[in-house]
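The values are calculated or read from the model by the stated rules, or taken from the named source; none is laboratory data. Worth saying up front: this structure is predicted, and the values here are computed from it rather than measured. We place every Cβ from the backbone using ideal geometry, glycine too, and count neighbours over all the protein chains shown.
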Ligand SMILES: [Cu+2]
């Protein structure tokens, strides 16, 4: 092997090392990471009547509030889903991983219920993927 090839391999290993330190390839842990929009600390929702209860809202600004959710694997999740009057297409939310598609009513909440069975980060979004969020299931 010539020197150039060896230098190239060393550079690749160094880049991979940096990416790992940044958490780019990390699996869910409590550590800070470079995942876009991911809070650096995991905060799990309170358990109400046996389910992890979360209030999720589609805002008039084109965002879900909050847009990053943590839940624990194996415990039912109950999301109370609402939307601002001007939320437009964000009134609808889809969680592909959990086969959920719901519309927030004009007044009050839609109930979304599922039990996460595997750890990982899963997207949720409106039908056109303009409103976006992530639900992270931790062990
Ligand atoms: Cu949309």
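Which strands (runs of 3 or more DSSP E) sit wholly inside region 63-139 and have at least 3 residues that are surrounded by 15 or more Cβ atoms within 10 Å (Cβ to Cβ)? It would help to see each step written out before you state the result.
On the way: elements: 68-72, 77-83, 92-95, 100-103, 110-114, 120-125, 132-138.
By residue number, 68-72, 77-83, 92-95, 110-114, 120-125, 132-138.
Can you say whether residue 7 is within 16 Å of the ligand (Cβ to nearest atom) and either modelled with pLDDT of 95 or more or farther than 17 Å from residue 135 by Cα (or both), as far as the supplied structure shows?
Values: within 16 Å of the ligand (Cβ to nearest atom): no; either modelled with pLDDT of 95 or more or farther than 17 Å from residue 135 by Cα (or both): yes.
No; evaluated as a whole, the condition is false for this residue.
Kindly list the number of the only condition in (1) at pLDDT below 95; (2) touching a strand residue (DSSP E or B) at 6+ places or on another chain (Cβ under 6 Å) that fails for residue 56.
In the conditions (1) at pLDDT below 95; (2) touching a strand residue (DSSP E or B) at 6+ places or on another chain (Cβ under 6 Å), residue 56 misses (1) alone.
If you go through region 83-99 one residue at a time, how many are in contact with a strand residue (DSSP E or B) (Cβ under 8 Å, 6 or more places away or on another chain) and within 16 Å of the ligand (Cβ to nearest atom)?
Result for region 83-99: 10.
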